[in-house]
Amino acid sequence: METVVKIYTPLDEDVTRELKAGQEVAISGVVYTARDQAHKRLCELLDKGEELPFEVDGAVIYFVGPTPAPPGRAVGAAGPTTSSRMDAFSPRLIEAGLRGMIGKGYRGQEVRDACSKYGAVHFATIGGAGALLSKHIVKSEIVAYEDLGTEAIRRLEVVDFPAVVAYDSRGQSVYEK
């Protein structure tokens, strides 16, 4: 039985280069949320040479729009959205230093190529398990684009957030195994 690999953010390239497709991980530290419109705005800032609302170097972005928090919780349900919706934007962010992404489903070849070139990885987590996943989120605060509602960029503090390395920095995919 393979052991779950504990990793901590921000991610270092030495760590991401060691991860292999199919490995189970438990992520702790800070993870940022962003979906389609937030990704578009981030890339527009990069294109203008402007500063991003968070430090992207070594960062992990979770493709999620969490529901409102019930009493005593940091967020409500926080299940992943379809990763391919961010394919047009991810290579640009990876080039800028993004080290990890969390979502569900397949990624396009340009994203996979960027992961290989820059030492990034894509993690998959279970869709439909948003309530369970939210138990690993201990703090949440909006850092940008509050006008996007649940899709605003949030800074999440996570503890042992469960995921699988879906695409590694060697070009391997869990979906091909």
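Computed about its Cα centre, the charge dipole of the chain is approximately 500 debye, with only Lys, Arg, Asp and Glu carrying charge at their Cβ. Here the Karplus relation 6.51 cos²θ - 1.76 cosθ + 1.60, evaluated at θ = phi - 60°, turns the backbone of the range 85-97 into coupling constants of 5, 9, 4, 5, 10, 4, x, 5, 6, 4, 4, 7, x Hz, with x for every Gly and Pro.
Taking each DSSP H run with n ≥ 4 as -39500 (n - 2.57) and averaging over every residue of the chain yields -6000 deg cm²/dmol at 222 nm. Tell me whether the range 98-175 comes out rounded, prolate or oblate; compute the Cα gyration tensor, take square roots of the eigenvalues as a ≥ b ≥ c, and use a/c under 1.5 as the rounded threshold. Prolate, since a/c reaches 1.5 and a/b exceeds b/c.
For the range 41-80, run through the GluC sites (Glu not before Pro) and keep only the ones in DSSP coil with at most 15 other Cβ atoms within 10 Å of their Cβ.
Working: sites: Glu44, Glu50, Glu51, Glu55; in loops: Glu50, Glu51, Glu55.
Answer in residue order: Glu50, Glu51, Glu55.
Sequence-ordered 3J(HN,Hα) estimates for the range 110-119 from the Karplus curve with 6.51, -1.76 and 1.60 and θ = phi - 60° stand at 4, 5, 4, 5, 5, 4, 5, 5, 9, x Hz, glycine and proline given as x.
Residues whose amide H comes within less than 5 Å of that of Val121, counting only those at least five positions distant or on another chain, are Gly100, Met101 (H built at 1.01 Å from N in the peptide plane).
Rule-based calculations on the coordinates, nothing more; no lab input. Just so you know, these numbers come straight off a predicted model, no measurement behind them. Positions of Cβ are generated from backbone atoms using ideal geometry, with glycine treated the same way; all protein chains shown enter the neighbour counts.
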